[in-house]
Amino acid sequence: MENRLSLISRNTEEIVTLDELKKKLESGNRLTGYIGFEPSGIFHIGWLIWAQKLRDLIEAGVQMKVLVATWHAWINDKLGGDMELIRSAGKYAIDVLNAYGINTSKFQVIDAEELVSDKNYWENVIRVAKSTTLARMKRSLTIMGRKSDEAELDTSKLFYPAMQVSDIFYLDVDIALGGTDQRKAHMLAREIAEKFSRKKVIAIHTPLLVGLKGGQRMENVEIDEVMAEAKMSKSKPETAIFVTDTEEEVESKIKAAYCPKGVIEFNPVLQIDKLIVFSNFNSFTIERESKYGGNITFNTYGELEKAFAEGKVHPMDLKTATAKMLNQILDPIRKKVNTDMYKEIISSVNKNITR
């Protein structure tokens, strides 16, 4: 059980709650979990963080469901509201997961259209809405990357949080996986679970990868608001590395990334190493000329971070090594999704990427 717990909890921002997770594991019963994603653009490396956690949960014996949230993306005005393009982007994302080494036979793929075709699902949505104030629903719009006042764009935006909570109840899962930006929906599901005679879902939240330009903490501003602006986003291509970027593009983007000497907080290069590189490799080697100290190998991320904080690793050396290892991770993905079929999808998606 300790091995399973370690695998599930590594590289998470929080687990609500860890004690509940331990009890579930100790029960010996097969756990179920889900993650939903909006098919809203080209897969960037920030998504590899939740993809890795999906892989960890599967390896830990959790029966995972992946919800392709097509209707949610449509409500959120993604890809110009073109449902056919949204569906294509969803299929592309599932194929990226497969190319990343997560065999699609190991998890269940569910299209949101399967849920919305069932009247019982909509009954759940209405019941959730009746259990929630308008103010709370507006505050929850951050789960879709929007601010509270953007509920004024159209009324459908207010359905989104209720739908996400209903996804959890309808799929009847033990675990809800998502980035920290999904916390408000997960907490709402936990709070009203008893009213629905549903189990209280365990929420596992992964960190958000900061964009390549980095970020900075602002006074009197919540950390999730800082990350909402600073996180890597497909709608801000200059801040993102996409899984289809060439080796040269990856090297160029990382070379230009925010990475001041000795600075740890909001450093995208170190985040890539911690959350992606060390999830795929057991060691990290920086190649240097002997006059600069020679090659140095780190067996844990903690060792690397400490050395960088103490000024023992130069930012450019870190960037060079990071780009090299990240390219090794992305290479099999690039080879599988750089076919003519995917290029056509990617081209169409790029033309229609919205916020």
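Enclosing the Cα atoms of the chain in their convex hull gives a volume equal to 141 cubic angstrom per residue.
When the P(r) is computed for the range 49-106, the part past 15 Å accounts for 53% of the Cα-Cα pairs. Here the sum of -39500 (n - 2.57) over DSSP H runs of 4 or more residues, divided by the residues of the chain, equals -14000 deg cm²/dmol at 222 nm, to the nearest 500. For the peptides 170-182, 17-29, 125-137, the ranking by packing is 170-182, 125-137, 17-29, with the highest mean count of neighbouring Cβ atoms within 10 Å listed first. Which of the three applies to the range 240-325, rounded, prolate or oblate, going by the alpha-carbon gyration tensor with a ≥ b ≥ c and a/c under 1.5 meaning rounded? It comes out rounded by the Cα gyration axes.
When a/c reaches 1.5 or more, the comparison of a/b and b/c decides; with that in mind, is the range 1-151 rounded, prolate or oblate per its Cα gyration tensor? Oblate, because a/c is 1.5 or more while a/b does not exceed b/c. Build a GNM of the chain with springs between Cα atoms under 10 Å apart, and of A307, A193, A73 the one that fluctuates most is A307.
For the chain, which whole percent of the accessible surface, found with a 1.4 angstrom probe, sits on carbon and sulfur atoms?
On the way: 7810 of 16380 Å².
Looking at the chain in its full context, I get 48 percent from C and S.
Pairs exceeding 22 Å between alpha-carbon atoms, taken from K22/K195; K24/K199; K91/K343; K53/K130; K53/K255: K22/K195; K53/K130; K53/K255. In the context of the full set of protein chains, the range 1-54 has a per residue accessible area of 41 Å² (1.4 Å probe).
For Q63, nonlocal amide neighbours, meaning residues 5 or more places apart or on other chains whose placed amide H falls under 5 Å from its own, are L31, T32, G33. Restricting to Cα pairs below 8 Å that are 6+ residues apart, what does the relative contact order work out to for the chain? Please round to a whole percent. 20 percent.
Enumerate the helices in the chain for which the Kyte-Doolittle hydropathy averages -0.5 or more and the C-alpha atoms extend at least 27 Å along the helix's axis, using complete DSSP H runs.
Values: long enough: 315-337 (32 Å, -0.29).
Correct list, ordered by number: 315-337.
The values are calculated or read from the model by the stated rules, or taken from the named source; none is laboratory data. Keep in mind it's a predicted model, so treat the numbers as computed, not measured. Note that each Cβ is placed from the backbone with ideal geometry, even for glycine, and that neighbours are counted across all protein chains shown. The area values use the complete protein model at the heavy-atom level, side chains included, leaving out ligands, DNA and RNA. Shrake-Rupley method; radii C 1.70, N 1.55, O 1.52, S 1.80 Å.
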